[in-house]
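Accompanying notes for the structure given below.
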Amino acid sequence: MFGLWENSHGHWFSKLESWGVRCERSTLSINEERLAYAYFEGPRAKACILLLHGTGNDALFGWDLWIEGFLQGGFAVLAIDLEGHGEHSSTQLDPETFTYSSGPVLSELSARGWNHDRLVVCGYSLGALFALQALATGSIRASRLILVAMPLEVRISWAFVWRELATVSRPIFWRHLLTQGWRMTLPALGCWRRQTFPLRLSNFNEKTYPKRVAALFQRASPMSLLSRLSLPCLLVHGSWDALAPPL
């Protein structure tokens with residue numbers, strides 16, 4: 001089942017294993033559907049970070065350097081597909097059940113010995129909204145929360161498209177491409193790369209995905225959710241981000 005995933009990440013997994021890191025790929029069961037995840041644990045892990053990916057991609061996309069840094073800092077890492085995302089998952093994205101996977105994810109963390117006082121949750125973009133909703137409503141408990149590039153609303157503009165395309169002119173893009181390959185460098189956009197990064201929407205077709213994401217942000221205001229938090233929260237925004245500018 002994970003053959004293609006292992007092939008596309010094989011060199012990177014081998015690198016981590018050479019550090020003494022245990023790398024696992026498997027799925028959780030959610031109402032007879034599959035939710036894929038990857039788990040990494042080094043020999044000196046003292047806490048765990050739950051990673052929640054960005055809009056339209058999958059559990060590992062864009063996280064490779066972050067995961068390496070977390071592992072070197074003494075953290076285990078659990079990275080999951082958001083509902084409706086990932087070629088090895090079968091769940092569907094539905095605003096009514098957006099954070100339903102919280103329960104099985106917590107059970108997996110608990111089974112590995114990670115309780116809430118040794119858990120940090122880190123979400124990027126749509127994953128940041130998932131994390132914020134889960135922590136604000138109590139469906140997930142953790143000691144710290146990190147929200148990266150979380151939009152307050154979704155407005156796709158030409159400025160956003162241009163800045164996404166302009167990243168190919170930056171040296172860091174080419175360094176990442178040379179070391180990590182196309183699979184972990186180029187995100188899906190619109191209908192492009194959907195075979196690699198499929199989307200499954202409950203009762204909707206793929207063309208409505210931006211509207212579904214926008215509805216998720218409208219359904220629960222990020223600012224109102226932030227006011228309900230009772231744990232330390234770090235907000236990270238880029239000054240060049242046209243979709244999620246600084247609050």
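Please specify each residue of segment 24-51 satisfying the condition of being among the small types (Gly, Ala, Ser) and buried (at least 22 other Cβ atoms within 10 Å of the Cβ).
Residues of segment 24-51 among the small types (Gly, Ala, Ser): 26, 29, 36, 38, 42, 45, 47.
Scanning segment 24-51 gives ALA36, ALA38, ALA45.
Looking at segment 188-216, which of the residues that are touching a strand residue (DSSP E or B) at 6+ places or on another chain (Cβ under 7 Å) and assigned to a helix (DSSP H, G or I) is modelled with the highest pLDDT?
Out of the qualifying residues, it is ARG212.
Quick check on my filter: what residues within segment 109-132 are part of a helix (DSSP H, G or I) and touching a Phe, Trp or Tyr at 6+ places or on another chain (Cβ under 7 Å)?
Listed by number, the residues that qualify are LEU129, PHE130.
From the list GLU96, GLU68, pick out the single residue that is acidic (Asp, Glu), over 21 Å from LEU132 (Cα atoms) and out of contact with any Cys (no Cβ under 6 Å at 6 or more places or on another chain).
Details: GLU96 fails: over 21 Å from LEU132 (Cα atoms).
Unique residue meeting the criteria: GLU68.
Determine which single condition VAL120 fails, assuming it passes every other condition in (1) over 16 Å from ILE146 (Cα atoms); (2) modelled with pLDDT of 95 or more.
(1)
Has segment 52-62 got at least one residue that is in contact with a Pro (Cβ under 6 Å, 6 or more places away or on another chain) and surrounded by fewer than 23 Cβ atoms within 10 Å (Cβ to Cβ)?
We begin by selecting, within segment 52-62, every residue in contact with a Pro (Cβ under 6 Å, 6 or more places away or on another chain); these are 57.
If we keep only those that are surrounded by fewer than 23 Cβ atoms within 10 Å (Cβ to Cβ) as well, we get none.
The answer is no; no qualifying residue exists.
Any residue at all in segment 119-139 that's farther than 23 Å from CYS233 by Cα and surrounded by 18 or more Cβ atoms within 10 Å (Cβ to Cβ)?
No, segment 119-139 has no match at all.
If I filter segment 46-75 down to residues being over 16 Å from VAL121 (Cβ atoms), in contact with a strand residue (DSSP E or B) (Cβ under 8 Å, 6 or more places away or on another chain) and hydrophobic (A, V, I, L, M, F, W, C), which single residue comes out as modelled with the highest pLDDT?
LEU71
I'm checking my understanding of the structure. Among residues of segment 6-23 that are surrounded by 12 or more Cβ atoms within 10 Å (Cβ to Cβ) and within 22 Å of LEU109 (Cα to Cα), which one is modelled with the lowest pLDDT?
Here the answer is PHE13.
Test of understanding: among ALA134, ALA128, which residue is hydrophobic (A, V, I, L, M, F, W, C), in contact with a strand residue (DSSP E or B) (Cβ under 8 Å, 6 or more places away or on another chain) and closer than 30 Å to GLY181 by Cβ? Even if it seems obvious, please write down each step before you answer.
Numbers: ALA134 fails: closer than 30 Å to GLY181 by Cβ.
Matching residue, one of ALA134, ALA128: ALA128.
Conditions: (1) assigned to a helix (DSSP H, G or I); (2) modelled with pLDDT of 90 or more. PRO43 meets all but one. Number of the miss?
Evaluating PRO43 over (1) assigned to a helix (DSSP H, G or I); (2) modelled with pLDDT of 90 or more leaves (1) as the failure.
Considering only residues that are assigned to a loop (DSSP other than H, G, I, E, B) and either at pLDDT below 85 or touching a helix residue (DSSP H, G or I) at 6+ places or on another chain (Cβ under 7 Å) (or both), which ones fall in segment 91-106? I'd like the intermediate steps shown before the answer.
Going residue by residue through segment 91-106, those that are assigned to a loop (DSSP other than H, G, I, E, B) are 91-92, 94, 98-101.
Of everything in segment 91-106, those that are assigned to a loop (DSSP other than H, G, I, E, B) and either at pLDDT below 85 or touching a helix residue (DSSP H, G or I) at 6+ places or on another chain (Cβ under 7 Å) (or both) turn out to be ASP94, PHE98, THR99, TYR100, SER101.
Answer with yes or no whether ASN31 is in contact with a strand residue (DSSP E or B) (Cβ under 9 Å, 6 or more places away or on another chain), of a type in the set (S, T, N, Q) and closer than 23 Å to ASN203 by Cβ.
Details: in contact with a strand residue (DSSP E or B) (Cβ under 9 Å, 6 or more places away or on another chain): no; of a type in the set (S, T, N, Q): yes; closer than 23 Å to ASN203 by Cβ: yes.
Here the answer is no, as ASN31 does not meet what is asked.
Which of the residues that make up segment 46-62 are in contact (Cβ under 8 Å) with a residue 40 or more places away in the chain and in a loop (DSSP other than H, G, I, E, B)? It would help to see each step written out before you state the result.
First, the residues of segment 46-62 that are in contact (Cβ under 8 Å) with a residue 40 or more places away in the chain: 46-58, 60-62.
LYS46, HIS53, GLY54, THR55, GLY56, ASN57, ASP58, LEU60, PHE61, GLY62 - these are the residues of segment 46-62 that are in contact (Cβ under 8 Å) with a residue 40 or more places away in the chain and in a loop (DSSP other than H, G, I, E, B).
Which residue pairs have Cβ atoms closer than 6 Å, lie 6 or more positions apart in sequence or on different chains, and pair a first residue in segment 70-85 that is touching a residue at least 24 places away in the same chain (Cβ under 8 Å) with a second residue that is among the acidic types (Asp, Glu)?
Hits for this filter: ALA76/GLU41; ASP81/ASP58; HIS85/ASP58.
The values are calculated or read from the model by the stated rules, or taken from the named source; none is laboratory data. A quick note: this is a predicted structure, and the numbers were derived from the prediction, not measured. No Cβ is skipped: glycine too gets one built from the backbone with ideal geometry, and neighbour counts run over all protein chains shown.
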